[in-house]
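Any read-out appearing in this document is the output of simple, stated calculations on the displayed coordinates, not a laboratory observation. Small disclaimer: the values here were computed from a predicted structure and weren't measured. Cβ placement follows ideal geometry from the backbone for every residue including glycine, while neighbour counts extend to all protein chains displayed.
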């Protein structure tokens, strides 16, 4: 049996009330997580964002892409190819499982820390699984992130009793490079246990864990020395500097105001969350300790800074919406520890209602956004059907899109040019055509997009210099029609196309 599964089973197979309480806690965690995230499975075949670089793409081009990105052995390419061979639905299922697994590993890891009360343990694991971070997980391209995330927390859980397996999983998880910084946390737990060991045993203990100390810098050296990014990715995420911190932190704080919840879903899920939380022994074991609560609040704040640091120094802002929410990958742990500490500081009568509101609000965020993605995918399919049937689109090799129906787009996103190209090729490959947004026309004329005329972007044969005309496609929607992901979801969606000289197109 897998060491992770074996150790997890032994951790919850304890005698007496403690083991029963853990099983009930885990059951509640599973149900709450499913309530919040089952929507990720609602559009099993959906393709979003960078997924179009994988979908219907030559395997050799996928492998070459990840080689250029500097991935060791181009391992994500082979993961993607294996999953694509089964179907897009497997991406969603694996992401659902890996993110749940990370939360379970965290719950079990906190259980071995004597200074973590049952309340903080359960609340931290619950919020870790449901807080409104990383909605970008729905994208297939994010599967390596979810996998490495799970491997990291599994390695942390196994660190005490299965050193070799733990070390291997940590090294594998470092393929998401931000986890090199996050490794400080399990290493601090390891160091904190040394002060209870007699000096004679200390050297022996340190000698057992020397590889854990050397693994991150050694991995970083090998990655930078032998697997640098090249080609299209040679300048990607290389401009890191501490000077980026202050302006980015300001933008990060401002982004909090973008968080929205669906009040109808919130009110519908509120009683369900309350009922489930009352069934969790960890939630009802209400221990109040303002001093200990302050420690957890400070620790959570520090973990948030640690989780954001590898992105902030690259001048990247992990946002609530758009695909940059992927940079929120490391925020859930710090935020959940901070909020668990805050809960512990509350009067006992307010603890359960507070966590209920937080969980229900998080559920409303994810459920509403998963519904939006289902609607977004229906819109993309309608666009693909129009493009294959429209005579004007079929006559030209440059298609300029003026999308006036962006209220149908999930997470307030704008379609990238390679998404338009994916839709243009959805019913048959034509490497001569290129789709761009209207505001990209000047960049196109200047040649800024020429480097993307490649098989990866499904535009290898596109020739910018030989195009007198383009098709201007306008996508609009009747403002009085309801916006809903069910029923006639695309009622009022309209398409218009017009042949126009490229020189006359204005953004």
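Taking the Kirkwood radius as Rh and the Cα radius of gyration as Rg, the range 325-437 has a ratio of Rg/Rh equal to 1.23. Orientation-averaged projection of the range 456-507 equals 6.1 nm² [convex hull of Cα atoms, one quarter of hull surface area].
From the square roots a ≥ b ≥ c of the eigenvalues of the alpha-carbon gyration tensor of the range 298-374, which class results: rounded (a/c under 1.5), prolate (a/b over b/c), or oblate?
Oblate, because a/c is 1.5 or more while a/b does not exceed b/c.
Per-residue counts of other Cβ atoms within 10 Å, averaged by peptide: what ranking do you get for 242-248, 80-86, highest first?
Top of the packing list down: 80-86, 242-248.
Which residues in the range 134-164 have a backbone N closer than 16 Å to a point placed 7 Å from the Cα of residue 42 along the Cα-to-Cβ line? Within reach of a label on residue 42: 135-139. Post the alpha-carbon centroid distance, the range 429-463 to the range 124-188, in whole angstrom. Computed from Cα coordinates, the inter-centre distance equals 37 Å.
Starting at 0 and stepping by 10 Å, how many percent of the alpha carbon pairs of the chain end up in each bin? That works out to 4, 17, 27, 25, 16, 8, 3, 1, 0, in percent per bin.
Per residue of the chain, the DSSP helices (runs of n ≥ 4 H) give a summed -39500 (n - 2.57) that works out to -18000 deg cm²/dmol at 222 nm. Where the alpha-carbon atoms of the range 22-121 are placed on the principal axes, they occupy 51, 31, 20 Å, in descending order. Per-residue Cβ neighbour counts within 10 Å put 52, 323, 210 in the sequence 210, 323, 52, beginning with the fewest.
What is the Rg over Rh value, at two decimals, for the range 379-507, using alpha-carbon atoms and the Kirkwood definition of Rh? Could the numbers behind the result be given before it?
On the way: Rg = 14.6 Å, Rh = 15.1 Å.
Looking at the range 379-507, the ratio lands at 0.96.
Counting only DSSP beta bridges whose two residues both lie in the range 390-504, roughly 50 percent are antiparallel. Rg and Dmax of the range 265-398, based on Cα coordinates, read 21.7, 72 Å. For the chain, the share of DSSP beta bridges that are antiparallel, to the nearest 5, is 50%. Between residue 446 and residue 381, the simple label model (points 7 Å from Cα in the Cβ direction) yields a spacing of 3.9 nm.
Whole Å is fine, so just give me how far the alpha carbon centre of the range 310-372 lies from that of the range 380-417. That distance is 34 Å. Pop a pseudo-label 7 angstrom from the Cα along the beta-carbon direction at both residue 82 and residue 476 and give the gap in nm to one decimal. Label at residue 82, label at residue 476, 5.0 nm between them.
Helix 245-255 axis versus longest C-alpha principal axis of the chain: approximately 80°, rounded to the nearest ten. Here 418, 149, 209 are placed in order of increasing Cβ neighbour count within 10 Å, fewest first, which gives 209, 418, 149.
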